[in-house]
Amino acid sequence: MKKIFLFVTFILSLNAFSQNATIIGTFERGEVKRKLSLSRPLLRTQFPEVNDVEDIAVDKGTFIAALTVHQPEIMYLTSYINDSVEFKQPIFLKAGYAITIDCKTKNGIPLLTIAGKGAQDNQPWSLSDNINFNNYPKDTLPVRVLADLQIVANKNLQAFNQYITLHHPSADFIKSWNFELQYTPIRIYYIYAKQRKPYVRQAYNRNKKSWDDSIDQLLINAPLMNEAALTSSSYRLFLKMFLIFSKPQVWEDEADKVEFIKNWYGDGRDTGSRSFFNDENNIPNQKVIERHFTGKVKEYMYVQLFEMALERGKVSNIDAIYTDFSKAYPFSPFKKVYDKLIAAVIESLKRPINDKMIFESGNIKTWAEILEKFKGKTVLLDMWGTWCGPCRDEIKMHSAAIKSYFKDKGLYYLYIANQDEANIKAWKSLITYYNLEGHHILATKELTDDIDKNIQLKFYPTYVIIHKNGSFELSKAGAPMNREILIAQIEEALK
């Protein structure tokens, strides 16, 4: 016990002069197998070196988490026993804080005792942001969900006020949680409202004004532009969702597409339409950002644009947009990370087609022709599409690793792009961007339908192993892919 006290004293003295903060904990039942995680919803785009979720090692019932905190930060410590949540404790840390958590169990209920520097900001309490949207399966108006959301918001505000009365937390705690509570309702409702349309499309369109008015009403108390609230994870997530949903919404809302082009592109129908359809993601997102945001919020939104573009592999015009960002924010701290990332993207976009990339389109009509064409080879077939986010994700995560593993082992690579006959430029651009050396077929609808009929295509991407004798088997690696399972399956096929 004396050693722990001395260690805590050392940590306290260290934290007083740095951006460090620590959490030290003990469990009464140390023999129980636990998993402990710390969720830090700052997101990588707030501080790129910070992970969203960190696993914390528990050794004989004790744990230590030493953290770097750039600003007062809300996070969540979750303890699991056999994948069931034992407790989820809100944690509020800032530089110099060093809290200790002692967890005992009474009648099967975990009881936390929290002490140390910052303890006044970390006493056990619970908030709810959960609305069961399954309660409104056929609702075509937002009345019921708004009422329930208000009930949850009122309960959370009451819990927050009780905490202040009981524990007298710091001014930073009060400020941070005020922003979190302010933006939680709009964050929850905005996502629900924008995702509601596909389920009740006709009724949603009839009642669109009610859905939009309800968002406008919530925005009165939680405005779209609020630089001070950027420390709130709820505000930042709301901003990200706003960017995701604004681009398709402005396109759909403009019944007159000529007026849409004039309004958003400022030029004629031909050139404006061509601009939009050549890049339906990055330029429209930039236009949304420029229209709605200023200052640090605009800077943050540009970073969201870059994150989404890099994540989805949709990088059209990213070099020009990044140039605009760099001119507007030459000293942005985000440039330390994105200068390198965007430079790598630009370099990848310049990568030429090489002689190991074989292109074919329109010549093959049936699955039988595919099997005949590649007879005598062991082939890994990737059924994908340029429009398919999971396809790009799996290419990014697994393609290079699989090719490295099977280098010089006689595995041939076939990529069939589906529903992409109008996207020839994007098709070839992504192939060079991801350096997909192999045989590429741009499928006609006829070929896609025939493959579907023969292999029972259920989703994209779908992986198929074609044997030398012309037989084939579907990947057993699941979705998302378990690479080790697929590798083992290919190894068996190569024998």
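Here are a few things to note about the model shown:
- Modelled FRET efficiency - R0 56 Å, ASP449 with ASN107, Cβ distances, 0.05 increments: 0.40
- Between the beta carbons of ILE424 and ASP55, assuming R0 = 45 Å, the FRET efficiency works out to 0.50 to the nearest 0.05.
- In a DSSP loop and with at most 13 other Cβ atoms within 10 Å, the chymotrypsin sites (Phe, Trp or Tyr not before Pro) in the stretch 442-495 are PHE459.
- Above 44 Å, the calculated P(r) of the chain contains 29 percent of its Cα-Cα pairs.
- Fully extended contour minus Cα-Cα distance, from THR68 to GLN202, at 0.36 nm per residue: 43.3 nm
- Isolated cysteines in the chain, defined as those with no second cysteine Cβ under 4.7 Å, comprise CYS103.
- Across the chain, the relative contact order, built from alpha-carbon pairs under 8 Å that are at least six residues apart, equals 10 percent.
- Within straight-line reach of LYS117, meaning a Cα separation under 19 Å, sit the following lysines at least 8 residues removed in sequence or on another chain: LYS2, LYS3, LYS94, LYS175.
- Which of ILE24, ALA228, TYR80, positive extreme of dipole for the chain (C-beta unit charges): ILE24
- Ordered by the number of other Cβ atoms lying within 10 Å of each residue's own Cβ, fewest first, LYS208, LYS403, LYS94 fall into the sequence LYS208, LYS403, LYS94.
- The stretch 127-245 - convex hull of the alpha-carbon atoms, volume per residue in Å³: 97
- Of the three principal axes defined by the Cα atoms of the stretch 357-494, the extents in descending order read 36, 30, 27 Å.
- Charge sum, other residues only, whose C-beta stays under 13 Å from ALA479's C-beta, Lys/Arg counted +1 and Asp/Glu -1: 0
- Relative to the longest principal axis of the Cα atoms of the chain, the long axis of helix 233-253 makes an angle of roughly 40 degrees.
- Summary value for the stretch 357-494: 38 percent relative contact order, contacts being C-alpha pairs under 8 angstrom separated by 6+ residues.
- Candidate lysines for bridging to LYS298, where Cα separation is under 19 Å - those fewer than 8 sequence places away on the same chain excluded: LYS240, LYS247, LYS287, LYS327, LYS335, LYS336
- Using Cβ point charges alone (K and R +1, D and E -1), the dipole size of the stretch 55-199 about the Cα centre works out to roughly 420 debye.
- Each Lys and Arg Cβ is given +1 and each Asp and Glu Cβ -1; about its Cα centre, the stretch 357-494 then shows a dipole of about 220 debye.
- Restricting attention to the stretch 362-408, the count of lysine pairs at 8 or more positions apart or across chains with alpha carbons under 24 Å apart stands at 10.
- With all projection directions averaged, the alpha carbon convex hull of the stretch 438-495 covers 4.7 nm².
- Each part reduced to its alpha carbon centroid, the stretch 132-171 and the stretch 315-366 end up 43 Å apart.
- Hydrodynamic radius by Kirkwood, which averages 1/r over all alpha carbon pairs of the stretch 307-364, in angstrom: 13.5
- Relative contact order computed over the stretch 127-245 (Cα-Cα under 8 Å; 6+ residues apart), in percent: 34
- Whole-number Å³ per residue for the convex hull built on Cα positions in the stretch 93-146: 135
- Computed over the chain, the per-residue total of -39500 (n - 2.57) for DSSP H runs of n ≥ 4 gives a 222 nm mean residue ellipticity of -15000 deg cm²/dmol, rounded to 500.
Each value in this text was obtained by applying a stated rule to the coordinates, not by laboratory testing. None of these values were measured; they are calculated from a predicted model. Glycine gets a Cβ as well: all are built from the backbone with ideal geometry, and neighbour counts include every protein chain shown.
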